[in-house]
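These notes are about the structure you will find just below.
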């Protein structure tokens, strides 16, 4: 088939050139593309100083990676904050942070640590918005773990704050820095698969003890009445929600409880929702790209009782499936922690479908369009899905004033879907959303 048979007048050779250019940009990671940029990165006065609020399993991972790669990335971890003494002490040792720059209250950190350039937010979900908003108000760039927050209202508050501050914002969905989704975006953008109909993705796990029950630490001697490093600021953590009496399961395994986390909706589905949004080439300008209708199905089918305590193990479901309708296309995402067999990641167009696998993105024409659309595999070269690449992307954008892969415009639109998806499941309703008024209804 000749190159002229591709859509929009783009030849396949031209497309490959464009895709290669996009992949090269991602591969560059944090390293600047200009001589002046290189000089600034290597200069000691251009070191990016980071503070970290929330030092549990994920927060500690961020501290460890940045500390290990500080020479490579020209960064320095200079301040830490957590509600649990052991988390603070272990990460202070890990990163070599001075004792005076370790805090229980993030507001004190922001007040005293004036030289911090960027704040990593890795608290429980219920504190994401508060910490991110305070960091932005203090003039800091923000890396915020997914989900960005808990509600639609919080999402728009963060969005408005980012736009007002002019600071860089990256949501911690590291798949957004995986080259394959950007290659797929170029395919979709070229018109080669026709009009996108629906994208699908899944993030599946399975375990004998139940998801999050073996995630991170669980120190039985810790609590609000413990002394020294075993002390936990339980009242601040719970934020007035849930039982007043300390529950170590709620503190260490907070993802299982709606008051502090969002279960599969907030912890696992973002790993597909953000990258699929990129690959579908959904718009992020003006009022475009927002969910118009969101529904959820699923339930708590298996992980109901904790084998150790005999009590109810979790409030969140162990299986969930979300459906999101946009203006003229849809997205479906499934997540489970009781079965590993998910849907294949793919995007269906009216002329062809895209499949993700191996070292490329595969285009399979629809039978009705087989004489017009050229199938084949577009190669993917560049970073895969790694936290390091995602860190690097934000650092590059801070230095070069560029737009992060998981930027606020993308994060806002995905967060609206996540928040409405949680509400749809919990209230057994379907929600519609109007971006012009920022209002939702069922």
Going by how many other beta carbons lie within 10 Å of each one, how would you line up 48, 193, 418, fewest first?
48, 193, 418
Listed highest first by mean packing, meaning other Cβ atoms within 10 Å per residue, what order do 223-229, 128-134, 386-392 come in?
128-134, 386-392, 223-229
If the chain between residue 69 and residue 288 were fully stretched, how many nm would it gain, using 0.36 nm times the residue separation less the Cα-Cα distance?
75.0 nm
Residue-averaged [θ]222 nm for the chain, counting only DSSP H segments that reach four residues, each worth -39500 (n - 2.57):
-10000 deg cm²/dmol
Arrange 271, 52, 195 by Cβ neighbour counts within 10 Å, fewest through most, would you?
195, 271, 52
Inter-label distance for residue 340 and residue 439, nm, one decimal - labels placed 7 Å from Cα along Cα-to-Cβ
4.8
What relative contact order, as a whole-number percentage, does the chain give when Cα pairs under 8 Å and 6 or more residues apart are counted?
20
Nearest-ten-degree value, helix 57-68 long axis tilted from longest Cα axis of the chain
80
Does anyone have the angle between helix 128-137 and the longest principal axis of the chain? Alpha-carbon axes, 0 to 90°, nearest 10?
90
Put in order of increasing Cβ neighbours within 10 Å, starting from the fewest, 297, 329, 415, 322 give 297, 329, 322, 415
Between residue 297 and residue 432, how high is the FRET efficiency from 1/(1 + (r/R0)^6) when r is the Cβ-Cβ distance and R₀ = 25 Å? Nearest 0.05.
0.90
Quickly work out the residue 206-to-residue 100 label distance, labels modelled 7 Å from Cα along the C-beta direction, and quote it in nm with one decimal.
5.5
Hey, rough spin-label estimate for residue 312 and residue 409, points 7 angstrom out along Cα→Cβ, what's it come to in nanometres?
4.3
Helix 270-279 versus the longest principal axis of the chain: what angle, 0 to 90°, nearest 10, using Cα atoms?
30
Gyration tensor (alpha-carbon) shape descriptor, the range 28-175, a/c threshold 1.5
oblate
In percent, what relative contact order does the range 28-175 have, based on Cα pairs under 8 Å that are 6 or more apart in sequence?
20
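Read-outs throughout are calculated quantities, based only on the coordinates presented, and are distinct from any laboratory measurement. Not measured: the values here are computed from a predicted model. Cβ sites come from the backbone with ideal geometry, for glycine too, and all protein chains shown count toward neighbours.
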